[in-house]
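Here's the structure, in structure tokens; my notes come after.
The values are calculated or read from the model by the stated rules, or taken from the named source; none is laboratory data. Owing to the predicted nature of the structure, the values given are computational and were not obtained by experimental measurement. Ideal geometry is used to build each Cβ from the backbone, glycine not excepted, and the neighbour counts take in all protein chains shown.
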Amino acid sequence: MKKRTIATILTGVLLVVGLTGCGAAKQTEENEKDLLASIKEAGVIKVGTEGTYAPYTYHDDSGELVGYDVEVAQAVAEKLGVKAEFVETKWDSIIAGLDAKRFDIIVNQVGITPERQQKYNFSIPYTYTKGALIVKESNQDIKSFEDLSGKKSAQSLTSNWAKLAESYGAELVGTDGFNQSIDLVLAGRADATINDNLTFYDYVNQKPDADVKIAALSDESSQNGILIRQGNESLVEAIDAALAELTADGTLKQISEKYFGVDVSVEQ
């Protein structure tokens, strides 16, 4: 009698668990549809971005938010039939802002990494870059990434570049972004900084007399995509379709060449 009762109870528990699992899956699917639907209903997609990271996302002389990432986000929004509303956030707290649902996506040169892919969804890549090890023009001690061992590298502490510098034995000096990192290198408070090569090229175009150089470039390209919370597959698919269309019609190439002189939306 006891065995029959226990078996009955276990069967009931398993049935409840199974129904709960199905319910959770259904709820997740509904949430996915709801976010894309709510974005379209509101006519706005909220985009997290720094606003201090030229040439990707920054303010021009008139104070307007501009940049490669800004125009990509606007073009994607247009394909979705909505407008992009930007929420400017410091890099070190931008992913936390996505988690807190302060915005729907992040368009801010977020590197596609296995670690991030475990927690978030990414769009297909829209930028390919290489890591640049940047030092003062007069620096003869650092000629490769291996030479960073025991040296100070100025970095945004939560960035991929900080992890790369640390992997070569560098002591990290925390900064708010690329310009501050360069300033520390020029002031001698840091020996080097690592960032993508395109950001460096834009910097020297703006400041041709800057006393900095690239000591080394990484062998492999990094891929950057739009970051999206998990559980929003329909939004991911819509953004991927938009990026594919923007590639096919030449829009991404046009935006790339405007800011870099080359097409950074494809791997070189």
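A few remarks follow.
- Residue within the range 255-262 that is at pLDDT below 95, out of contact with any Phe, Trp or Tyr (no Cβ under 8 Å at 6 or more places or on another chain) and aliphatic (A, V, I, L, M) present: yes
- Enumeration of residues in the range 129-172 that are part of a loop (DSSP other than H, G, I, E, B), in contact (Cβ under 8 Å) with a residue 60 or more places away in the chain and out of contact with any strand residue (DSSP E or B) (no Cβ under 6 Å at 6 or more places or on another chain): 138, 139, 156, 158, 159
- Here residue 1 fulfils each of the conditions (1) at pLDDT 95 or above; (2) outside the structural domain of residue 102 (by TED's automatic domain parsing) apart from (1).
- Close contacts from the range 173-193, counting a first residue that is assigned by TED's automatic domain parsing to the domain that holds residue 143 and over 21 Å from residue 143 (Cβ atoms) and a second that is in a loop (DSSP other than H, G, I, E, B) and among the hydrophobic types (A, V, I, L, M, F, W, C), with Cβ to Cβ under 9 Å and a gap of 6+ residues or different chains, come to 174/157; 175/157; 175/190; 178/54; 179/54.
- Only residues that are within 16 Å of the chain's Cα centre (by Cα) and loosely packed, with under 14 Cβ neighbours inside 10 Å were counted across the range 211-268, and they come to 1.
- Selection status of residue 267, over 21 Å from residue 49 (Cβ atoms) and assigned by TED's automatic domain parsing to the domain that holds residue 112: no
- Residue within the range 71-85 that is at pLDDT below 95 and acidic (Asp, Glu) present: no
- Scanning the range 204-218 for residues that are of a type outside the set (Lys, Arg) and in contact (Cβ under 8 Å) with a residue 60 or more places away in the chain, we see that the one that is nearest to residue 112 (Cα to Cα) is 218.
- Residues of the range 148-160 that are over 26 Å from the mean Cα position of the chain (by Cα) and under 18 Å from residue 184 (Cβ atoms): 150, 151.
- Any hit, the range 197-210, residues being touching a helix residue (DSSP H, G or I) at 6+ places or on another chain (Cβ under 8 Å), aliphatic (A, V, I, L, M) and surrounded by fewer than 21 Cβ atoms within 10 Å (Cβ to Cβ): yes
- Residue match in the range 47-58 (condition: polar (S, T, N, Q) and closer than 11 Å to residue 235 by Cβ): no
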